[in-house]
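Inspection log for the structure reproduced underneath, given as C-alpha coordinates.
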Amino acid sequence: MTIANAEAGSWVKPDPMSNPRSIERRFRANRFRHVRQLLEAALAERDRVEVLDLGGTEAYWAIAEDFLAEHRGRIGITLVNNEPIPEPKNAALSAVSGDACDAGLFAGRRFDLVHSNSVIEHVGEVDRMQAFADNVRRLSDRYFVQTPNFWFPLEPHFRVLGFQWLPLSLRVALMQRRNLGFFPRAESHEEAWRNVAEIRLLDRRLMRRLFPEADLRDERVAGLTKSLMAVRDRT
(Lines give C-alpha, C1' and ligand atoms only; values in the text may rest on other atoms or scores of the structure.)
Protein backbone atom coordinates (compact mmCIF):
# COMPACT_ATOMS: atom_id res chain seq x y z
CA MET A 1 0.00 0.00 0.00
CA THR A 2 1.21 3.48 -0.86
CA ILE A 3 2.09 5.68 2.12
CA ALA A 4 1.25 9.33 1.64
CA ASN A 5 1.67 12.40 3.83
CA ALA A 6 -1.58 14.29 3.43
CA GLU A 7 -0.40 17.57 4.97
CA ALA A 8 2.84 17.87 3.02
CA GLY A 9 1.45 16.22 -0.09
CA SER A 10 4.59 14.08 -0.23
CA TRP A 11 4.96 10.41 -1.00
CA VAL A 12 7.12 8.00 0.95
CA LYS A 13 8.25 4.74 -0.61
CA PRO A 14 6.79 1.82 1.35
CA ASP A 15 9.26 -0.45 3.11
CA PRO A 16 7.38 -3.67 3.91
CA MET A 17 10.50 -5.32 5.31
CA SER A 18 10.54 -2.81 8.18
CA ASN A 19 7.20 -4.16 9.40
CA PRO A 20 7.47 -7.68 10.91
CA ARG A 21 3.74 -8.15 10.33
CA SER A 22 3.72 -7.18 6.67
CA ILE A 23 2.52 -9.74 4.13
CA GLU A 24 5.70 -9.26 2.10
CA ARG A 25 7.93 -10.04 5.05
CA ARG A 26 5.92 -13.12 5.93
CA PHE A 27 6.19 -14.37 2.35
CA ARG A 28 9.93 -13.79 2.30
CA ALA A 29 10.40 -15.44 5.68
CA ASN A 30 8.52 -18.51 4.45
CA ARG A 31 10.51 -18.44 1.20
CA PHE A 32 13.74 -18.41 3.18
CA ARG A 33 13.28 -22.08 4.11
CA HIS A 34 14.44 -22.94 0.58
CA VAL A 35 17.51 -20.75 1.02
CA ARG A 36 18.17 -22.18 4.46
CA GLN A 37 18.28 -25.71 3.07
CA LEU A 38 20.91 -24.64 0.55
CA LEU A 39 22.93 -22.85 3.22
CA GLU A 40 22.80 -25.85 5.53
CA ALA A 41 24.01 -28.09 2.71
CA ALA A 42 26.92 -25.73 2.06
CA LEU A 43 27.74 -25.46 5.77
CA ALA A 44 27.93 -29.26 5.97
CA GLU A 45 30.70 -29.13 3.36
CA ARG A 46 32.77 -26.14 4.47
CA ASP A 47 33.78 -24.29 7.63
CA ARG A 48 32.92 -20.97 6.01
CA VAL A 49 30.34 -20.32 3.31
CA GLU A 50 30.44 -17.41 0.86
CA VAL A 51 27.12 -16.19 -0.54
CA LEU A 52 26.66 -13.82 -3.46
CA ASP A 53 23.35 -11.93 -3.35
CA LEU A 54 22.60 -10.28 -6.70
CA GLY A 55 20.56 -7.16 -6.04
CA GLY A 56 20.31 -7.91 -2.32
CA THR A 57 19.86 -5.57 0.63
CA GLU A 58 20.55 -5.79 4.33
CA ALA A 59 16.83 -5.31 5.05
CA TYR A 60 16.05 -8.52 3.19
CA TRP A 61 18.48 -10.56 5.30
CA ALA A 62 16.67 -9.49 8.48
CA ILE A 63 14.49 -12.57 7.84
CA ALA A 64 17.60 -14.69 8.48
CA GLU A 65 18.85 -12.79 11.53
CA ASP A 66 18.58 -15.76 13.90
CA PHE A 67 20.16 -18.17 11.42
CA LEU A 68 23.09 -15.82 10.75
CA ALA A 69 23.59 -15.34 14.49
CA GLU A 70 23.59 -19.10 15.02
CA HIS A 71 26.35 -19.45 12.42
CA ARG A 72 28.21 -16.25 13.25
CA GLY A 73 31.59 -16.14 11.55
CA ARG A 74 30.75 -19.01 9.19
CA ILE A 75 28.65 -17.14 6.61
CA GLY A 76 29.75 -14.18 4.51
CA ILE A 77 27.23 -12.48 2.21
CA THR A 78 28.29 -10.12 -0.59
CA LEU A 79 25.52 -7.80 -1.80
CA VAL A 80 25.90 -6.66 -5.41
CA ASN A 81 23.93 -3.67 -6.71
CA ASN A 82 24.33 -1.40 -9.72
CA GLU A 83 23.76 1.64 -7.49
CA PRO A 84 25.47 2.41 -4.16
CA ILE A 85 23.70 1.15 -1.04
CA PRO A 86 24.48 1.91 2.62
CA GLU A 87 27.32 -0.05 4.17
CA PRO A 88 25.70 -2.98 6.01
CA LYS A 89 25.72 -2.90 9.81
CA ASN A 90 25.68 -6.69 10.09
CA ALA A 91 29.26 -7.97 10.03
CA ALA A 92 28.20 -10.97 7.94
CA LEU A 93 27.30 -8.67 5.02
CA SER A 94 29.38 -6.54 2.67
CA ALA A 95 28.27 -4.41 -0.28
CA VAL A 96 29.90 -3.83 -3.67
CA SER A 97 28.84 -2.07 -6.87
CA GLY A 98 28.42 -4.17 -9.98
CA ASP A 99 26.17 -5.19 -12.84
CA ALA A 100 24.63 -8.62 -12.26
CA CYS A 101 24.50 -9.10 -16.05
CA ASP A 102 28.19 -8.32 -16.63
CA ALA A 103 30.00 -11.44 -17.87
CA GLY A 104 33.13 -10.20 -16.11
CA LEU A 105 31.52 -9.95 -12.67
CA PHE A 106 33.82 -11.67 -10.15
CA ALA A 107 35.79 -13.25 -12.99
CA GLY A 108 37.65 -16.34 -11.85
CA ARG A 109 35.82 -16.53 -8.54
CA ARG A 110 33.22 -19.00 -7.26
CA PHE A 111 30.71 -18.81 -4.41
CA ASP A 112 29.05 -21.50 -2.32
CA LEU A 113 25.62 -20.05 -3.09
CA VAL A 114 24.22 -17.42 -5.46
CA HIS A 115 21.00 -15.86 -4.21
CA SER A 116 18.59 -13.42 -5.86
CA ASN A 117 15.13 -12.35 -4.73
CA SER A 118 12.82 -10.35 -7.02
CA VAL A 119 15.63 -8.92 -9.16
CA ILE A 120 15.73 -10.64 -12.55
CA GLU A 121 12.48 -8.94 -13.62
CA HIS A 122 14.29 -5.59 -13.29
CA VAL A 123 17.39 -6.22 -15.42
CA GLY A 124 15.94 -5.49 -18.87
CA GLU A 125 15.13 -7.41 -22.02
CA VAL A 126 15.40 -11.19 -22.36
CA ASP A 127 19.02 -11.00 -23.51
CA ARG A 128 19.90 -9.27 -20.23
CA MET A 129 17.92 -11.86 -18.30
CA GLN A 130 19.91 -14.57 -20.07
CA ALA A 131 23.18 -12.85 -19.15
CA PHE A 132 21.97 -12.69 -15.53
CA ALA A 133 21.13 -16.41 -15.56
CA ASP A 134 24.47 -17.27 -17.16
CA ASN A 135 26.25 -15.39 -14.36
CA VAL A 136 24.28 -17.26 -11.71
CA ARG A 137 25.42 -20.60 -13.11
CA ARG A 138 29.00 -19.43 -13.72
CA LEU A 139 29.42 -18.20 -10.16
CA SER A 140 28.00 -21.22 -8.32
CA ASP A 141 26.63 -24.72 -8.76
CA ARG A 142 24.15 -23.95 -5.98
CA TYR A 143 21.60 -21.15 -6.36
CA PHE A 144 18.21 -19.68 -5.47
CA VAL A 145 16.53 -17.22 -7.87
CA GLN A 146 12.99 -15.98 -7.17
CA THR A 147 10.77 -13.77 -9.31
CA PRO A 148 7.07 -12.78 -9.33
CA ASN A 149 4.88 -14.80 -11.69
CA PHE A 150 3.57 -12.93 -14.75
CA TRP A 151 0.26 -14.80 -14.52
CA PHE A 152 -0.53 -13.98 -10.89
CA PRO A 153 -3.40 -11.44 -10.98
CA LEU A 154 -1.94 -8.82 -8.61
CA GLU A 155 1.11 -7.07 -10.04
CA PRO A 156 3.45 -6.86 -7.00
CA HIS A 157 5.29 -3.62 -7.82
CA PHE A 158 2.37 -1.39 -8.85
CA ARG A 159 -0.27 -3.19 -6.74
CA VAL A 160 -2.94 -3.11 -9.44
CA LEU A 161 -4.92 -6.17 -10.53
CA GLY A 162 -3.92 -7.22 -14.03
CA PHE A 163 -1.61 -4.23 -14.46
CA GLN A 164 1.05 -6.31 -16.27
CA TRP A 165 -1.50 -7.46 -18.86
CA LEU A 166 -2.55 -3.95 -19.89
CA PRO A 167 -1.10 -2.26 -23.01
CA LEU A 168 2.07 -0.33 -22.26
CA SER A 169 0.42 2.97 -23.20
CA LEU A 170 -2.37 2.44 -20.66
CA ARG A 171 0.08 1.49 -17.91
CA VAL A 172 2.05 4.66 -18.62
CA ALA A 173 -1.14 6.75 -18.52
CA LEU A 174 -2.13 5.29 -15.14
CA MET A 175 1.36 5.95 -13.80
CA GLN A 176 0.94 9.65 -14.67
CA ARG A 177 -2.35 9.90 -12.80
CA ARG A 178 -1.69 8.42 -9.36
CA ASN A 179 0.69 6.74 -6.95
CA LEU A 180 0.89 3.05 -7.73
CA GLY A 181 2.33 0.58 -5.25
CA PHE A 182 6.03 1.33 -4.75
CA PHE A 183 5.98 4.22 -7.25
CA PRO A 184 4.86 7.83 -6.79
CA ARG A 185 2.82 9.46 -9.54
CA ALA A 186 5.14 10.21 -12.43
CA GLU A 187 5.71 13.88 -13.22
CA SER A 188 6.30 13.29 -16.92
CA HIS A 189 5.49 10.82 -19.67
CA GLU A 190 9.17 9.87 -19.83
CA GLU A 191 9.32 9.10 -16.11
CA ALA A 192 6.12 7.05 -16.30
CA TRP A 193 7.45 5.09 -19.27
CA ARG A 194 10.74 4.34 -17.47
CA ASN A 195 8.93 3.14 -14.35
CA VAL A 196 6.66 0.82 -16.30
CA ALA A 197 9.14 -0.45 -18.90
CA GLU A 198 11.82 -1.20 -16.29
CA ILE A 199 9.83 -4.17 -14.95
CA ARG A 200 9.26 -7.26 -17.08
CA LEU A 201 7.61 -10.11 -15.21
CA LEU A 202 8.60 -13.66 -16.15
CA ASP A 203 6.41 -16.71 -16.67
CA ARG A 204 7.18 -20.37 -16.09
CA ARG A 205 8.29 -21.00 -19.67
CA LEU A 206 10.89 -18.24 -19.56
CA MET A 207 12.18 -19.28 -16.14
CA ARG A 208 12.57 -22.85 -17.39
CA ARG A 209 14.44 -21.56 -20.44
CA LEU A 210 16.78 -19.46 -18.31
CA PHE A 211 17.41 -22.10 -15.63
CA PRO A 212 16.92 -25.47 -17.37
CA GLU A 213 18.85 -27.48 -14.76
CA ALA A 214 17.00 -26.03 -11.74
CA ASP A 215 14.13 -27.37 -9.68
CA LEU A 216 11.37 -24.89 -10.51
CA ARG A 217 9.19 -24.40 -7.43
CA ASP A 218 5.94 -22.49 -6.95
CA GLU A 219 5.02 -20.07 -4.19
CA ARG A 220 1.23 -20.28 -4.02
CA VAL A 221 -1.59 -18.08 -2.73
CA ALA A 222 -5.18 -19.34 -2.83
CA GLY A 223 -4.11 -22.06 -5.24
CA LEU A 224 -2.46 -19.60 -7.63
CA THR A 225 1.28 -19.32 -8.30
CA LYS A 226 2.40 -16.00 -6.84
CA SER A 227 6.06 -16.39 -7.64
CA LEU A 228 8.52 -18.80 -9.23
CA MET A 229 11.70 -20.07 -7.62
CA ALA A 230 14.58 -21.66 -9.51
CA VAL A 231 16.45 -23.76 -6.95
CA ARG A 232 19.55 -25.83 -7.55
CA ASP A 233 21.68 -27.75 -5.09
CA ARG A 234 24.79 -29.20 -6.67
CA THR A 235 24.18 -32.48 -4.87
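The values are calculated or read from the model by the stated rules, or taken from the named source; none is laboratory data. What you see is a predicted model, and the numbers here were worked out from it, not measured in a lab. Cβ atoms come from the backbone with ideal geometry, glycine included; neighbour counts cover every protein chain shown. Surface areas here come from the heavy atoms of the whole protein model, side chains and all, with no ligands, DNA or RNA. Shrake-Rupley method; radii C 1.70, N 1.55, O 1.52, S 1.80 Å.
Tell me, rounded to the nearest percent, the portion of alpha carbon pairs in the chain spaced more than 23 Å apart. Summing the P(r) tail past 23 Å for the chain gives 52 percent. Computed over the stretch 126-192, the quotient of the alpha carbon radius of gyration and 2.2 N^0.38 Å is 1.44. Normalised by the number of residues in the chain, the average gap of Cα pairs under 8 Å and 6 or more apart makes the relative contact order 17 percent. Taking 20 Å as the cut-off, the amide N atoms of the stretch 143-184 that come nearer than this to a point 7 Å along the Cα-to-beta-carbon line of A197 belong to 157-158, 163-178, 180, 183-184. Length gained on full extension, R46 to D233, computed as 0.36 nm times the residue gap minus the Cα-Cα distance: 65.8 nm.
Eigenvalues of the alpha-carbon gyration tensor of the stretch 111-235, scaled by 5 and square-rooted, set the equivalent ellipsoid semi-axes at 29, 16, 11 angstrom, largest first.
When DSSP assigns beta bridges and you keep just the ones with both residues in the chain, what percent turn out antiparallel, to the nearest 5? Antiparallel: roughly 50 percent of the beta bridges in the chain. Per residue, the convex hull spanned by the alpha carbons of the stretch 165-218 comes to 100 Å³. Measuring nothing but how far apart in sequence close Cα pairs (under 8 Å, 6+ apart) lie, relative to its length, the stretch 51-102 scores a relative contact order of 39 percent. Relative contact order, whole percent, for the stretch 118-166 stands at 30, derived from Cα pairs under 8 Å and 6 or more residues apart.
To the nearest ten degrees, helix 23-43 and the longest principal axis of the Cα atoms of the chain are 20 degrees apart. Taking the Cβ of R110 as the center, what net charge do the other residues with Cβ under 9 Å away carry, scoring Lys and Arg +1 and Asp and Glu -1? Residues close to R110 contribute a combined charge of -1. Packing here is the average count of other Cβ atoms within 10 Å per residue, and on that basis the peptides 72-78, 142-148, highest first, run 142-148, 72-78. Our coupling estimate for the stretch 47-64, obtained by passing each phi through the Karplus curve with A = 6.51, B = -1.76, C = 1.60 and θ = phi - 60°, is 6, 9, 10, 10, 10, 10, 10, 7, x, x, 9, 5, 4, 4, 6, 4, 5, 10 Hz, Gly and Pro reported as x. Per-residue ellipticity at 222 nm computed for the chain from its helices equals -8500 deg cm²/dmol, with DSSP H segments shorter than 4 residues left out and the rest contributing -39,500 (n - 2.57). The Stokes-Einstein estimate for the stretch 34-137, based on a Kirkwood radius over Cα pairs and taken at 25 °C with 0.890 mPa s viscosity, is a diffusion coefficient of 172 µm²/s. Using a Gaussian network model of the chain in which every pair of alpha carbons under 10 angstrom is joined by a spring, one finds that among E155, E191, E58 the greatest mean-square fluctuation is at E191. Apolar share of the accessible surface for the stretch 145-235: 54 percent from carbon plus sulfur atoms, 1.4 Å probe. Taken per residue, the accessible surface of the chain reaches 53 Å², heavy atoms only and a 1.4 Å probe.
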